[in-house]
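Peer 1: Okay, here's the structure, questions in a sec.
The values are calculated or read from the model by the stated rules, or taken from the named source; none is laboratory data. Keep in mind it's a predicted model, so treat the numbers as computed, not measured. So basically every Cβ, Gly included, is an ideal-geometry build from the backbone, and we count neighbours across all protein chains shown. Only protein heavy atoms, including side chains, enter the accessible area calculation; ligands, DNA and RNA are left aside. Shrake-Rupley method; radii C 1.70, N 1.55, O 1.52, S 1.80 Å.
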Amino acid sequence: MAGAHMDVTDVAHLARIRLTPAEEQTLGRQLDQILDYMEQLKGLDVSGVEPTAHPFPLVNVMRPDEARPSLSQDEALRNAPAPANGLFMVPKIVE
Amino acid sequence: MEYEAVIGLETHVQLKTQSKMWCGCANTFGSPPNTNVCPVCLGMPGVLPVANEEALRLTVLTGLLLNCEIPARAKFDRKNYFYPDVAKNYQITQYDQPSTRGGHVDFEFQGGMARVRITRAHLEEDVGKNNHFDRNSGVDFNRAGVPLLEIVSEPDLTSADMAYEYLNALKDILVYGGISDCDMEKGMVRCDVNVSVRPKGGTGLGAKIEIKNMNSFSGVRRALTYEIPRQIEVLQGGGTLIQSTRRWDDAGGITEEMRTKEHAHDYRYFPEPDLMPFEPTPEWLAAVKSRMVELPLARKQRFMKTYELPAGDAEVFKNDVPLGHYFETAAQGAANPKAVANWVINNLRARLAETQAREIAEQESLGLERSDMTFTGLSDLKFPPQALRDLVGLVENQTLSSSAAQQVFVEMFETGKAPADIVQEKGLAQVSDTGALEALCDEAIAANPGPAADYRSGKLAALNRIKGHVMKLSQGKANPGLVGEILERKLRA
Ligand SMILES: [Zn+2]
């Protein structure tokens, strides 16, 4: 088998994780090994098996539509590095 | 070469719930920034979302109203991306197993009927709101986590006008069903537009160009009116179009390129591990089905058929649901429902509007805000709908002239008295007593020798002068039909 390959640089960028070249090497190798396991699993016949989105056999977990008190504005902004006018200030957003 | 446009719309609609999708924060508009927020909708570590049952009901109800199939199983997924208005760094949505799929919307278009297929309507959450300043931006998370329905159409639309009519029809359905208030001013409806052009009659699709985040239907129409010819021009000039995203500049009236496909997002969807799948039971579905309402178009068609109303009247009652309901109550057992509709639309509605305008002016002078004002509505009327039917009946059976009926209506509106009582009290009943009318006619002929001679010499229009005199003598109560007959007989003798 040719061996699966994942572009670690690209994935790290998508997840906003900064990696050193050494980390990229190690993680790249490990991720490729994981992908190889997946390739092996693809060989299994799972046509009769239901996909499992969750290990617990539980459905329809819901709450009634009732509004409850929220945090105060001060409390909500306590972690904000730069609150102003009740807002979470961030560097200028350009689309 | 002639080209045609292929348009599909993704319409985002905020659901009308008390609380947000995954937490108990209030779903309201206009609160001070970051006051309807909690650890769940701020994306704090370690919190768990729990689905709002009403939002799921409204989603399935929308599916039913849009003729969708309701799959036996739906689930939620994470759409991962980094943006300041997404606190968790992912948006919870339904990716491959949505709550509804495969429906359609029928609507009136250019004098006929049109149908747009609905790919799916899936449930997700709204994101925070960015405020832009000179040097930086500020995020308000009050909107984050508000239940949001994304309604995806098939690319069945072919023009800017058609897209506009589809959006209005969709909005009517959602408002009728109590799904959303669809208040544009409050950003409750937003639209992404996908548009491409191809040689007329072709089957392939051109490069898909997306116009993001439109917040008004008229904006969608104007953006398409600009964008379709732009694409055609590029192709006719020998250029090529590439898949890209554009922004609509409302002030400038143009679309501008934001990014091309090379920079398209990779959202790395995966199943949301914190939420369980949703499998509606037959009982649950039956309870949602019981909330189904008559669709706006069906209502309009029913009004035209059952009450033999012209399309214009039926349209008024389609757009004003309480007024239509009032009409239906008033028209129960009426011999001439069309006449009842005229009274409801021309007299009652006008009178109410007048009253409300006066009440608003009064309350404004007292310094009240519009939201704190109260005014007379249909439910505050002093007379029941049946009284209006009775009034129309009195005109129909010629007891009342139409001008006298206006007087009775004003009195009904002010006092709530029954029309028959008002007619009695004010002596407004039409005079159809031939003896009395004969005398009045003789008097009128004697007073108008000129017109009488004109009539006798063949100028038939001269009769109206004499007729008018009789009406005046009777203070408007003479039966005009009878007066005409008597005068003709006397003048020909
Ligand atoms: Zn919250």
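Peer 1: Are there helices (runs of 4 or more DSSP H) fully within chain A with at least 2 residues that are in contact with a helix residue (DSSP H, G or I) (Cβ under 9 Å, 6 or more places away or on another chain) and of a type in the set (A, V, I, L, M, F, W, C)? List them.
Peer 2: Because the criterion is at least 2 residues that are in contact with a helix residue (DSSP H, G or I) (Cβ under 9 Å, 6 or more places away or on another chain) and of a type in the set (A, V, I, L, M, F, W, C), the helices (runs of 4 or more DSSP H) in chain A that meet it are A:8-14, A:21-42.
Peer 1: With the stretch B:396-464 as the region, which helices (runs of 4 or more DSSP H) entirely inside it contain at least 1 residues that are farther than 25 Å from B:THR355 by Cα?
Peer 2: Filter on the stretch B:396-464 gives B:419-426, B:434-447, B:449-456.
Peer 1: Same structure again: For the subset of the stretch B:109-138 comprising residues that are surrounded by fewer than 17 Cβ atoms within 10 Å (Cβ to Cβ) and more than 10 Å from every other protein chain (Cβ to nearest Cβ), which member is nearest to B:CYS41 (Cα to Cα)?
Peer 2: B:ARG117
Peer 1: While we're here: Report those strands (runs of 3 or more DSSP E) wholly inside the stretch B:112-159 carrying at least 2 residues which are more than 27 Å from the chain's Cα centre (by Cα) and within 16 Å of the ligand (Cβ to nearest atom).
Peer 2: B:136-140
Peer 1: What residue, among those in the stretch B:28-51 that are buried (at least 21 other Cβ atoms within 10 Å of the Cβ) and within 10 Å of the ligand (Cβ to nearest atom), is farthest from B:LYS186 (Cα to Cα)?
Peer 2: The extreme case among them is B:PRO49.
Peer 1: Here is a further query. Any residue that is open to solvent by 20 Å² or more (accessible area, probe 1.4 Å), assigned to a loop (DSSP other than H, G, I, E, B), acidic (Asp, Glu) and more than 13 Å from chain A (Cβ to nearest Cβ) - is there at least one of those in the stretch B:1-15?
Peer 2: Checking the stretch B:1-15: at least one residue is open to solvent by 20 Å² or more (accessible area, probe 1.4 Å), assigned to a loop (DSSP other than H, G, I, E, B), acidic (Asp, Glu) and more than 13 Å from chain A (Cβ to nearest Cβ).
Peer 1: Still on this structure: Give A:GLU66, A:GLU39, A:GLU50, A:GLU23 a once-over and let me know the one that is within 7 Å of chain B (Cβ to nearest Cβ) and either touching a residue at least 12 places away in the same chain (Cβ under 8 Å) or of a type in the set (Asp, Glu) (or both).
Peer 2: Result of the check over A:GLU66, A:GLU39, A:GLU50, A:GLU23: A:GLU66.
Peer 1: If you don't mind, there's one more thing I want to ask. Name the pairs whose Cβ atoms lie under 6 Å apart, with the first residue in the stretch B:469-493 and not assigned by TED's automatic domain parsing to the domain that holds B:ASN397, the second hydroxyl-bearing (Ser, Thr, Tyr) and open to solvent by 40 Å² or more (accessible area, probe 1.4 Å), and 6 or more positions between them or separate chains?
Peer 2: Correct list of pairs: B:GLY476/B:SER403; B:ASN479/B:SER432; B:LEU482/B:SER432.
Peer 1: For the stretch B:96-107, indicate whether the set of residues that are open to solvent by less than 50 Å² (accessible area, probe 1.4 Å), more than 16 Å from the ligand (Cβ to nearest atom), within 11 Å of chain A (Cβ to nearest Cβ) and more than 27 Å from the chain's Cα centre (by Cα) is non-empty.
Peer 2: No: the stretch B:96-107 contains no residue that is open to solvent by less than 50 Å² (accessible area, probe 1.4 Å), more than 16 Å from the ligand (Cβ to nearest atom), within 11 Å of chain A (Cβ to nearest Cβ) and more than 27 Å from the chain's Cα centre (by Cα).
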